[in-house]
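Asks: Supplied in structure tokens, the structure appears directly below.
The values are calculated or read from the model by the stated rules, or taken from the named source; none is laboratory data. Bear in mind that the values here come from a model prediction, so they are computed numbers and not experimental data. Cβ placement follows ideal geometry from the backbone for every residue including glycine, while neighbour counts extend to all protein chains displayed.
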């Protein structure tokens with residue numbers, strides 16, 4: 001898979017070459033060539049961002065519950081672990097409201113197409129000397145305001 005930055009560079013080069021030949025034939029001045037190349041540098045990321053997003057993200061996201069996490073684990077370490085199995089969108093490790101200490105569980109949002117593989121590979125696996133419990137997260141029940 002091409003990285004978005006590499007794709008942007010390639011598109012910018014294509015625009016620059018096309019602009020060079022157009023400016024050379026039409027205007028025949030180096031200032032015109034510089035203007036076209038400058039414009040191409042701003043236009044190319046627009047095309048690169050669109051194609052990069054469709055390659056990396058299928059649009060659907062699954063939320064996974066991750067339990068029995070070590071208290072010393074941080075978001076970066078958990079993201080790195082899950083990234084081995086797919087595209088990670090976000091990591092949230094839960095903390096106690098009063099003490100600010102981690103509670104030993106969290107949630108990982110990742111591409112739906114990668115989530116099943118991550119669950120199969122990481123559930124009951126060891127991470128920082130703890131056996132992880134990984135499964136698809138259940139929907140949180142909506143809070144109802146029944147003040148009757």
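Asks: Select from the range 79-115 the residues that are touching a residue at least 40 places away in the same chain (Cβ under 8 Å) and under 19 Å from residue 131 (Cα atoms) and list them in ascending order.
Replies: 81, 82, 105, 106, 107, 108, 115
Residues are listed down the side, and each one gets a yes or a no for (1) surrounded by 15 or more Cβ atoms within 10 Å (Cβ to Cβ); (2) at pLDDT below 90; (3) assigned to a helix (DSSP H, G or I):
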{"position": "25", "(1), (2), (3)": "no, yes, yes"}
{"position": "35", "(1), (2), (3)": "no, yes, yes"}
{"position": "48", "(1), (2), (3)": "yes, yes, yes"}
{"position": "66", "(1), (2), (3)": "yes, no, no"}
{"position": "76", "(1), (2), (3)": "no, no, yes"}
{"position": "90", "(1), (2), (3)": "no, no, no"}
{"position": "103", "(1), (2), (3)": "no, no, no"}
